[in-house]
Amino acid sequence: MVESPQLRSAREHLARAEANYRSDDGLFHLEEGLALLEDIIAGPDAGASRIAANVLATYAGKIYAVADRAVATDPNLPEPELEHLFKLILAFDPYSFELPLEARKTKFALASRLVDRYLEGHSPEEKRAASERLAGIAGGTQPTAPGEKSKRRRKT
């Protein structure tokens, strides 16, 4: 099967995202690639839809594995890196894509680590309240902060 230009473009964006995942440019390309995959998956071509879903599953697994590995192996990961990793995994939230089995655990671990950093020096009661709110959110994910719209960019 010959790939459509849209699928080739999605693959190019995702390859750039993978190569530069630590940068804002990598995040941009991830968002672009995901938007293109969403269009293909929702399109009328069942064969292209299956391929796009497989490409998505591959890259979702890679991005979540990077985030999971970073949180698991570096307890002193700097706050900017934690925030960036969190943005990477949040890039998947506006879509109804099937994510890796450990996706919720990874997202929760990153969010927990960020809450710990943000509340460093606060009282134990404040930390406990924040942890309880986070646990409530973990039951059902929130794609963006309350009152904030998703920032889905489109440029090819």
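Data for the structure
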{"read-out": "Selected residue (criterion: nearest to Glu32 (Cα to Cα)) from residues of the stretch 71-86 that are surrounded by 15 or more Cβ atoms within 10 Å (Cβ to Cβ) and touching a residue at least 40 places away in the same chain (Cβ under 8 Å)", "value": "His84"}
{"read-out": "Those residues of the stretch 72-98 which are under 15 Å from Glu31 (Cα atoms) and part of a loop (DSSP other than H, G, I, E, B), in sequence order", "value": "Ala91, Phe92, Asp93, Pro94, Tyr95, Ser96, Phe97"}
{"read-out": "Answer residue from the stretch 14-43, given it is under 17 Å from Phe97 (Cβ atoms) and either of a type in the set (Phe, Trp, Tyr) or in contact with a Gly (Cβ under 8 Å, 6 or more places away or on another chain) (or both) and is modelled with the lowest pLDDT among those", "value": "Glu18"}
{"read-out": "Selection count, the stretch 91-130, where residues are in contact (Cβ under 8 Å) with a residue 60 or more places away in the chain and among the aliphatic types (A, V, I, L, M)", "value": "1"}
{"read-out": "Matching entry among Arg104, Arg113, Arg50, Arg69 (being within 12 Å of the chain's Cα centre (by Cα), in a helix (DSSP H, G or I) and basic (Lys, Arg))", "value": "Arg104"}
{"read-out": "Tally of residues being within 15 Å of Glu83 (Cα to Cα) and within 12 Å of the chain's Cα centre (by Cα) across the stretch 13-27", "value": "3"}
{"read-out": "Candidate set from the stretch 36-64 (those that are in contact with a Ser or Thr (Cβ under 9 Å, 6 or more places away or on another chain), of a type in the set (A, V, I, L, M, F, W, C) and in contact (Cβ under 8 Å) with a residue 12 or more places away in the chain); member that is farthest from Ile89 (Cα to Cα)", "value": "Ala48"}
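The values are calculated or read from the model by the stated rules, or taken from the named source; none is laboratory data. In this text, all values refer to a predicted model and were calculated from it rather than measured experimentally. Because the Cβ atoms are built from the backbone with ideal geometry, glycine has one as well, and the counts that use them run over all protein chains shown.
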